[in-house]
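Peer 1: I have a structure I would like to understand better, so I am pasting it below and will then ask my questions one at a time.
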Amino acid sequence: MHDVLVVGGGPAGAATAYWLAEAGHDVVVVERKTFPREKTCGDGLTPRAVKQLADMGLEDAIARDHLRIDGLRAIAHGITIEMPWPEHPVYPSHGYVVRRRDLDQLVAEQAVKAGATLWQGTEALAPILDRGLVAGATVRRVGATEEVEARYVVIADGANSRFGRSLGTARDRTYPQGMAIRTYYESPLHDDPWIESALDVRDRNGAALPGYGWIFPVGDGTINVGIGLLSTFRDWKSVNTSHLMAEWAATAPARWGIDPDRPLAPPTGGRLPMAGSVSPKSGPTFLVVGDASGAINPFNGEGIDYAYETGRLAADVLDEALTTGNGMALQRYTETLDREFRLYYKVARLFVQLIGYPALMRELTRVGMQSQSLMEWVLRIMANLLRPDELGPAEAAYKMVAAIARVLPEPSAAS
Ligand SMILES: Cc1cc2nc3c(=O)[nH]c(=O)nc-3n(C[C@H](O)[C@H](O)[C@H](O)COP(=O)(O)OP(=O)(O)OC[C@H]3O[C@@H](n4cnc5c(N)ncnc54)[C@H](O)[C@@H]3O)c2cc1C
């Protein structure tokens, strides 16, 4: 009988395992695939994610081999604004771009170094129930089926979360969700220290397309090029993301030198469950982390950091449950998530509902792009880098909106 079984070895599962192993617990991670494995992603790490990686002792390894990013370049209506990552008392002022093939292996290996057991090529098939409580999982490992028993189970199986669904988790359809697609191209600007975001993407005929385009330099001769959109946008249900991707690659700024006919791999896409849209996030003997809990930030589609952060918070309450022998500690998890993210996510949901109106979105970006300092506040809010200690213009603006959000009913955007 193990202390904890973690289903899924991506950012959320690996971080949970790292922090549990650090605290001295017996934790087993089952990962369906074998590292290094691909994961469809923009590969962008913000300062919040860098802090989590540094706390897990990984920043030197990342800095040595991967491209450091100074900030975000936003492009809209023919205007370009470069915004360095802001100064912050807790978070660094830089990010990185790291292909998930490399990043996820690195973090999973760090969990193993801390003492976790990692079974790769091992799929959790179904929960084991003991008197109605989850007590492990039946897994398929090297072709054979076996039972892995554990006091507690952490569900970290990503956006589709089949294992989570089998325990009754469900996404609230009144919450927004995202959809994104990406591929890689060769580029002479592969080591540009800025990630780039296009806020008004157009097709080859100049017609506006729903969604944001991104170009994230990877530093290895290639760039990650993708486009994402939200369920609050027009055409959400009927949009063809392959078409969006093809148009974006064909119209992206020429200096990147993209040959739209020569992606390095076929574009792949995925869903982005956001704003804490999946519930329940805990049961008497299980917790749900990362995309499986819908943890992505709706403002910017960032999910790696939130996977690390929810994994760490889950490890924290499990540590308490295991050291005190009192499983009631797990109930603290949902409260902690609410305290950390609930209001911020409510503001974000209001924001994504507003920008679902194309005319409003156009007007907001048109006004925003006139002012470097306004866009810098927006970046601070959207990347969740508000300062706790001082009240600058971004903090003041956010505080005002949050005060309104607190009294408004929950926003609803069916998808
Ligand atoms: C196109 C796209 C671009 C994105 N760009 C960014 C970005 O630039 N920056 C950012 O921060 N976020 C980005 N995201 C979001 C980010 O990819 C996710 O939020 C993040 O991967 C969540 O981590 P996770 O550990 O919760 O889930 P995952 O990374 O999906 O990991 C889940 C793991 O569980 C394993 N698994 C699943 N089922 C089982 C099972 N039954 N048994 C065993 N193992 C199982 C899977 O193989 C996988 O390894 C993007 C997402 C998409 C789709």
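Each value in this text was obtained by applying a stated rule to the coordinates, not by laboratory testing. Computed from a predicted structure; not experimentally measured. For neighbour counting, all protein chains shown are included, and Cβ atoms are generated from backbone atoms with ideal geometry for every residue, glycine included.
Peer 1: Along Cα→Cβ, 7 Å out, is where each label goes; now give me the distance between the ones at residue 70 and residue 323 in nm to one decimal.
Peer 2: 4.3 nm
Peer 1: At a Cα cut-off below 25 Å, give the lysines reachable from residue 237, other chains included and same-chain residues fewer than 8 away excluded.
Peer 2: 39, 346
Peer 1: What distance in nm separates the two pseudo spin-label positions at residue 331 and residue 77, each 7 Å out from Cα along the beta-carbon direction?
Peer 2: 5.2 nm
Peer 1: According to a simple spin-label model (label point 7 Å from Cα along Cα-to-Cβ), what is the distance in nm between residue 204 and residue 55?
Peer 2: Result for the modelled spin labels: 4.8 nm.
Peer 1: Now a separate question. So for 399, 33, 346, fewest C-beta neighbours within 10 Å to most, what's the order?
Peer 2: 399, 33, 346
Peer 1: For the chain, what is the calculated [θ] at 222 nm in deg cm²/dmol (nearest 500), taking -39500 (n - 2.57) for each run of four or more DSSP H residues and dividing by its residue count?
Peer 2: So the calculated ellipticity at 222 nm is -10000 deg cm²/dmol.
Peer 1: Could I ask something else about it? Subtract the Cα-Cα distance of residue 173 and residue 343 from 0.36 nm times their separation in residues, and report this length gain in nm to one decimal.
Peer 2: Extending this stretch completely gives an extra 59.3 nm.
Peer 1: Test of understanding: ordering 96, 308 by Cβ neighbours within 10 Å, fewest first, what list do you get?
Peer 2: 96, 308
Peer 1: How big is the antiparallel share of DSSP beta bridges in the chain, given as a percent to the nearest 5?
Peer 2: The antiparallel proportion sits near 70 percent.
Peer 1: Another question, then. Placing unit charges on C-beta atoms (Lys and Arg positive, Asp and Glu negative, everything else neutral), compute the dipole magnitude of segment 261-415 about its Cα centre in debye, rounded to 20.
Peer 2: Charge dipole of segment 261-415: 480 debye, to the nearest 20.
Peer 1: Once you have all Cα-Cα distances for segment 271-415, histogram them in 10 Å bins from zero and send the whole-percent values.
Peer 2: That works out to 11, 35, 33, 16, 5, 1, in percent per bin.
Peer 1: How much length is gained on full extension from residue 40 to residue 160, taking 0.36 nm per residue of separation minus their Cα-Cα distance?
Peer 2: Using 0.36 nm per residue and subtracting the Cα-Cα distance, I get 41.9 nm.
Peer 1: Still on this model: Where the eigenvalues come from the Cα gyration tensor of segment 45-86, what are the semi-axes √(5λ) of the equivalent ellipsoid, largest first, in whole Å?
Peer 2: 27, 11, 6
Peer 1: How much FRET efficiency would the formula 1/(1 + (r/R0)^6) give for residue 262 and residue 366, where r is the Cβ-Cβ distance and R0 is 45 Å, rounded to 0.05?
Peer 2: Plugging the Cβ-Cβ distance into 1/(1 + (r/R0)^6) gives 0.85.
Peer 1: Suppose every Lys and Arg Cβ carries +1 and every Asp and Glu Cβ carries -1, with no other charges. What dipole size does the chain come out with about its Cα centre, to the nearest 20 debye?
Peer 2: Here the chain has a charge dipole of around 1240 debye.
Peer 1: Hey, what D do you get for the chain in µm²/s if you plug the Kirkwood alpha-carbon radius into Stokes-Einstein at 10 °C and 1.306 mPa s?
Peer 2: 73 µm²/s
Peer 1: Extension gain residue 359-residue 130, at 0.36 nm per residue separation less the Cα-Cα distance, in nm?
Peer 2: Extra length from residue 359 to residue 130 when fully extended: 77.0 nm.
Peer 1: Could you tell me what % of all Cα pairs in segment 346-407 have separations over 15 Å?
Peer 2: I get 56 percent for the Cα pairs in segment 346-407 exceeding 15 Å.
Peer 1: Moving on. How high is the FRET efficiency between residue 271 and residue 373 when r is their beta carbon distance and R₀ equals 35 Å, given to the nearest 0.05?
Peer 2: 0.50
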